[in-house]
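Worksheet: one structure, shown below.
The values are calculated or read from the model by the stated rules, or taken from the named source; none is laboratory data. In this text the structure is predicted, and so the values were computed from the model without any measurement. For neighbour counting, all protein chains shown are included, and Cβ atoms are generated from backbone atoms with ideal geometry for every residue, glycine included. These accessible areas exclude ligands, DNA and RNA; they are computed on the full protein's heavy atoms, side chains included. Shrake-Rupley method; radii C 1.70, N 1.55, O 1.52, S 1.80 Å.
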Amino acid sequence: MLEFKQNIRGNVALGVNPLGCKQEVLNQIDYVKNKGAYQGPKKVLIIGASSSYGLATRISLAFGTGADTIGVSFEKGPKNEKNLGTAGWYNNIAFREAAEKEGLIAKNFVQDAFSHESKQEVIDYIKSEFGGKVDLVVYSLASGRRTDPETGETYTSSIKAIGEPVVGPHINMQNQTFYTETLEPATDQEIANTVKVMGGEDWELWMKALKEADVLVDGVLTTNYSYLGTELNHSYYGGGTLGRAKADCDEKAQNINELLADINGKAQIVVATAVTTKASSVIPFFPVYCIGLYKVMSDKGTHETPIMHQDRIYREMIYGNKPEYDAVGRLRPDNWELDSDTQAKTKELISQLNEENFNSDLTAYDIFYKEFSNLSGFMVDGYVDRDVTIEELKELTL
Ligand code: NAI
């Protein structure tokens, strides 16, 4: 029988509990179902669909609006008892099983979304088996590397400051330590590479390919998740390499708007709130911001997990009557995080943190750690253990 172990290296989760992943997907589905149905898109393509924001979006749209979905992601299946694959692999399967039970189409493509071939395969599928067109394209990819499909060159992103080094507190969840980290400034090449990986170029390539293939409905919407943050994380996020990549997405949104003008389409940047994800856990200093922020927001009743946030975005803002835009047209569901009292209290709280108290009742370390564990199927509410064999896991199909 397999033993599922939560193996953490630094702030990266290596272990996975496939049963826990399934339970976590079911919990998110319950969350959406309990909120009831809403009117929205019926045919959705989600690029980066297997975890956190992309998965939450897919769950909200399938179980909230009854949408058929195509999910593209890059995950690994089980190989042997020591290598069970990635959480996203099991999330994809759990999602498909649950969606199919409701009579929904839930097609999983597990491949490199950056390649031309990937785009073509998805287009062929939309034409042959998905009704010919999609009405929403969600771009929720987070990756450390990207191979340019034109040149074959591979770029690696760097999470770094720009100009000056940043020194500040950081957490290591493996050793449960709180320590001072120094983040060096990026070189111009590192900035350019990060924009190449996490900027909007691939989003635009997807939209061009989909438009050219005539698989977008008139009035199509495409969303892309951004983060702007606050003065508490500007030095290493908004003002750093990731901020440059997000600014590039803003620019590419303009290009996509022009591209889609003749079919009345729209590219929407959604500035989302800070949440615990595989991608955000490895951003230096960010977990410290989160354990302060979540504490303040939990006390106020405004803390959200990805499913809560994405469900609110689509149900109440995009397809509801409570959208809030900023001066340049970005959707701003992050306004709860940016609330001035929330930020002032978070700043005050973070300034008091040290090695002794960072994981005490003073902070939301417990919430952050549980949410981080949930991403790999550990500490999941409602989880029931049972014996599983590697053969059983290998038989699960996408
Ligand atoms: P995540 O790491 O949980 O998910 C990334 C997704 O991209 C996964 O489905 C993964 O399989 C897929 N992916 C990665 N490389 C791929 C490839 N080559 N081909 C196909 N699929 C690939 O990331 P998370 O945190 O949900 O981020 C999604 C977006 O939301 C990002 O743009 C991120 O910047 C943004 N965001 C995140 C916030 C946070 O606090 N985590 C806050 C605001 C925005």
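Here the range 201-303 has 48 percent of its accessible surface on carbon and sulfur atoms, given a 1.4 Å probe and all protein chains in place. Shape class of the range 173-327 from the Cα gyration tensor (axes a ≥ b ≥ c, square roots of the eigenvalues): oblate, since a/c reaches 1.5 or more and a/b does not exceed b/c. The three principal axes of the Cα atoms in the range 337-381 give end-to-end lengths of 34, 27, 13 Å, sorted in falling order. Over the range 85-136, accessible surface divided per residue gives 40 Å², non-protein components excluded, 1.4 Å probe. Amide H contacts under 5 Å for residue 181: 168, 170, restricted to partners 5 or more places along the chain or on a different chain, H placed in the peptide plane at 1.01 Å from N. Residues whose amide H falls under 5 Å from that of residue 134, counting only those 5 or more places apart or on a different chain, are 216, 217, with hydrogens built in the peptide plane.
Summed over qualifying helices (DSSP H, 4 residues or more, each -39500 (n - 2.57)) and divided by its residue number, the chain shows a 222 nm mean residue ellipticity of -12500 deg cm²/dmol.
When Rg and the Kirkwood radius Rh are both evaluated on Cα atoms of the range 250-398, their ratio Rg/Rh stands at 1.07.
Beta bridges assigned by DSSP with both partners in the range 1-145 are antiparallel in approximately 20 percent of cases. Using just the C-alpha positions of the chain as equal point scatterers, what log10 of I(q)/I(0) does the Debye formula give at each q in 0.08, 0.09, 0.10 1/Å? Results for the chain at q = 0.08, 0.09, 0.10 Å⁻¹ read -0.40, -0.52, -0.65. Net charge near residue 185: determine it from the other residues with C-beta under 15 Å of the C-beta of residue 185, scoring Lys and Arg +1 and Asp and Glu -1. Cβ neighbours under 15 Å give a net charge of -3. Solvent-accessible surface of the range 1-83, averaged per residue with a 1.4 angstrom probe and all protein chains in place: 42 square angstrom. Amide H contacts under 5 Å for residue 265: 219, 220, restricted to partners 5 or more places along the chain or on a different chain, H placed in the peptide plane at 1.01 Å from N. Ordering 329, 309, 319 by Cα displacement along the dipole of the range 262-398 toward the positive end leaves 329 in first place; charges were set at the Cβ atoms of Lys, Arg (+1) and Asp, Glu (-1).
How big is the equivalent ellipsoid of the range 273-341 along its three axes, where each semi-axis is √(5λ) from the Cα gyration tensor, reported in whole Å from largest to smallest?
Details: eigenvalues 97, 36, 32 Å².
Semi-axes, largest first: 22, 13, 13 Å.
Looking at the range 75-226 alone, DSSP beta bridges between its own residues are antiparallel in about 65 percent of cases. A Cβ-based charge dipole, computed about the Cα centre of the range 54-140 with Lys and Arg at +1 and Asp and Glu at -1, lands at about 160 debye. Look at the dipole of the range 205-252 built from charges on Cβ: of 216, 247, 232, the Cα furthest out on the positive end belongs to 232. Please state the shape class of the range 91-214: rounded when a/c is under 1.5, otherwise prolate if a/b exceeds b/c and oblate if not, all from the C-alpha gyration tensor. It is oblate, given that a/c is not under 1.5 and a/b is not larger than b/c. Taking every DSSP bridge with both residues inside the chain, close to 35 percent are antiparallel.
The residues of the range 215-294 have, on average, 30 Å² of accessible surface per residue, using a 1.4 Å probe with all protein chains present.
How large is the direction-averaged shadow of the alpha-carbon convex hull of the range 1-50, in nm²?
5.8
Dipole magnitude for the range 1-75: computed about the Cα centre from +1 point charges on Lys and Arg Cβ and -1 point charges on Asp and Glu Cβ, it is near 160 debye. What are the GluC sites (Glu not before Pro) within the range 107-200 that DSSP puts in a loop, where the Cβ has at most 12 other Cβ atoms within 10 Å? Listed in order of number, the matching sites are 150, 153. When each full DSSP H helix of the chain is screened for a Cα extent of at least 18 Å along its own axis and an average Kyte-Doolittle hydropathy of at least -0.5, the helices passing are 52-65, 286-300. Pairs exceeding a 21 Å alpha-carbon distance, out of 43/211; 5/76; 22/107; 127/246: 127/246.
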